[in-house]
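**Student:** I'd like to ask some things about the structure below.
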Amino acid sequence: MARKKKIVNKKSMAFMERYLNNASPTGFESAGQELWLDYIKPYIDDYWVDTYGSVVGIINPEAKYKVVIEAHADEIAWFVHYITKDGFIYLRRNGGSDHMIAPSKRVNIHTDNGIVKAVFGWPAIHTRQAGKEETPSLHNIFLDCGCKSKDEVEALGVHVGSVVTFEDEFMVLNNDFFVGRALDNRMGGYMIAEVARLLKEEGTKLPFGLYITNSVQEEIGLRGAQMIAERIQPDVAIVTDVTHDTQTPMINKIKQGDTACGRGPVLTYGPAVQNNLLRLIINEAEKEKIPFQRAAASRSTGTDTDAFAYSNMGVASALISLPLRYMHTTVEMVHRDDVENVIRMILASIKAIEDGQDFRYLR
């Protein structure tokens, strides 16, 4: 069988790296959204941006029947919460930031004056009492930006409410693994952008309106998707996000399931997932020989799928997930083949949807 043409080329890889390295913390996504929009503009007919920064690129904006492909743009971060008189900075989470990985990490504090560099300080091993060591928590992790006083910190432009991101950047391990912070879920934004590119380059004519949607504020409760779903009022939504690779040490497969990087996209079964749409995706994956895995969600999926499914009197929605290791750390990892296969799966699925298709179980 002929080997499938690679989707990730030099141009798209360069965009991926720029997009992943850019900081887009929850509530402050605009710089990343601008990068994303600039990339997809040649492949769309129109676009709009909502009040909070979600961006929608549209193909066939005049069509009545609307199909969404969606990812979320925001990454976890921190907020400056309290500055001591000695110039140390305590934080609050912005999304599900992990206090356990913070000590000794380098960070960027985003201010009106530009980036202020800082580090998460931590007492040296020599100074900690054996057997009585404190573990990192929100109560004891702190930033040190090299200042001797609160006044000196504030003179740099840092204030309560300043947003803080880790500075780790993209890299590739062993040719196959993409690694960095914020792959959850800017890799999703990358993948839906590639779907738009391929539709344009292949000359595909869709019989419906396609809304390529990069939503904000997922990490604090699907807020951007809730807003955007009400505005678009789509008929169908295919959402992509990340899910856990469960093959690494310290993960219980009985609790977390059995999914792996490199074995294909993960399709979720659950109440928010519309089964007829899921069946269409599976049928197209099997036709195109795209490998996939399965997962079950007992209630909500915990992704923007839920926001679309339960909006506008119910939208036929499905979730295509990218397996990922070390979620909410600065070394999130995904497999190149899975990235390409998610793109192929979304592309094949939207090509199979008919104008006005009725996904109801009973008619």
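**Student:** If we count other beta carbons within 10 Å of each Cβ, what is the order of Thr26, Thr330, fewest first?
**Tutor:** On the way: Thr26 26, Thr330 19.
Fewest-to-most Cβ neighbours within 10 Å comes out as Thr330, Thr26.
**Student:** Does the range 254-296 come out rounded, prolate or oblate by the C-alpha gyration tensor, with a ≥ b ≥ c the root eigenvalues, rounded set by a/c under 1.5 and, if not, prolate when a/b is larger than b/c and oblate if not? Provide the component values of the computation, followed by the final result.
**Tutor:** On the way: a/c = 3.65, a/b = 1.13, b/c = 3.22.
Oblate shape, in that a/c is at least 1.5 and b/c is the bigger or equal ratio.
**Student:** Turning to a different aspect of this structure: Quick check: net charge around Gly356, other residues with Cβ under 9 Å of its Cβ, Lys/Arg +1 and Asp/Glu -1?
**Tutor:** Values: positive: Lys64; negative: Asp235, Glu354, Asp355, Asp358.
Residues near Gly356 contribute -3 overall.
**Student:** As an exercise, identify the trypsin sites (Lys or Arg not before Pro) in the range 1-86 lying in DSSP coil whose Cβ has no more than 14 other Cβ atoms within 10 Å.
**Tutor:** Details: sites: Arg3, Lys4, Lys5, Lys6, Lys10, Lys11, Arg18, Lys64, Lys66, Lys85; in loops: Arg3, Lys4, Lys5, Lys6, Lys64, Lys85.
Loop-located and lightly packed - Arg3, Lys4, Lys5, Lys6, Lys64, Lys85.
**Student:** Nearest 0.05, what FRET efficiency do Asn283 and Thr127 give at R0 = 41 Å with Cβ-Cβ as r? Don't jump to the answer; show the numbers that get you there.
**Tutor:** Values: r = 61 Å, r/R0 = 1.50.
Working from the Cβ atoms, E equals 0.10.
**Student:** Right, something else. How high is the FRET efficiency from Asn252 to Tyr90, r the C-beta distance, R0 30 Å, rounded to 0.05? Walk me through the numbers on the way to the answer.
**Tutor:** Numbers: r = 33 Å, r/R0 = 1.10.
Once the sixth-power term is evaluated, E becomes 0.35.
**Student:** Between beta-carbons, use under 11 Å as the cut-off and find the net charge around Ala77, counting Lys and Arg +1, Asp and Glu -1.
**Tutor:** Numbers: positive: Arg92, Arg93, Arg181; negative: Glu29, Asp74, Glu75, Glu219.
Its environment carries a net charge of -1.
**Student:** Measure off 7 Å from each Cα along the Cα-to-Cβ vector at Met171 and Val8, then give the distance between these two points in nanometres to one decimal.
**Tutor:** If labels sit at Met171 and Val8, their model points lie 1.6 nm apart.
**Student:** Here is a further query. Quote to one decimal, in nm, the extra length available between Tyr52 and Lys205 on full extension: 0.36 nm per residue of separation minus the C-alpha distance between them.
**Tutor:** Working: separation 153, 0.36 × 153 = 55.08 nm, distance 3.11 nm.
Roughly 52.0 nm would be gained on extension.
**Student:** Right, next: Of Phe142, Thr111, Trp122, which is farthest towards the positive pole of the range 77-166's charge dipole, taken about the Cα centre with +1 and -1 on the beta-carbons of Lys, Arg and Asp, Glu respectively?
**Tutor:** Trp122
**Student:** Ranked highest first by the average count of other Cβ atoms within 10 Å around their residues, in what order do 140-152, 338-350 fall? Could the numbers behind the result be given before it?
**Tutor:** On the way: 140-152: 16.0, 338-350: 23.9.
Ranking the peptides 140-152, 338-350 by packing returns 338-350, 140-152.
**Student:** Additional query: What length, rounded to one decimal in nm, is gained on full extension from Ser104 through to Glu154, with 0.36 nm per residue of separation minus their alpha-carbon distance? Write down the numbers at each step before the final one.
**Tutor:** Values: separation 50, 0.36 × 50 = 18.00 nm, distance 2.24 nm.
My answer for the length gained is 15.8 nm.
**Student:** Out of Leu173, Tyr211, Tyr190, whose Cα points farthest toward the positive end of the dipole of the range 145-217 (charges: +1 Lys, Arg; -1 Asp, Glu; placed on Cβ)?
**Tutor:** It is Tyr211, whose Cα lies furthest towards the positive end.
Where a number appears in this text, it was derived from the coordinates with a stated rule and is not lab data. Being a predicted model, the structure only gives us computed values, none of them experimental. Neighbour counts are summed over all protein chains in view; Cβ atoms, including those assigned to glycine, are modelled from backbone coordinates with ideal geometry.
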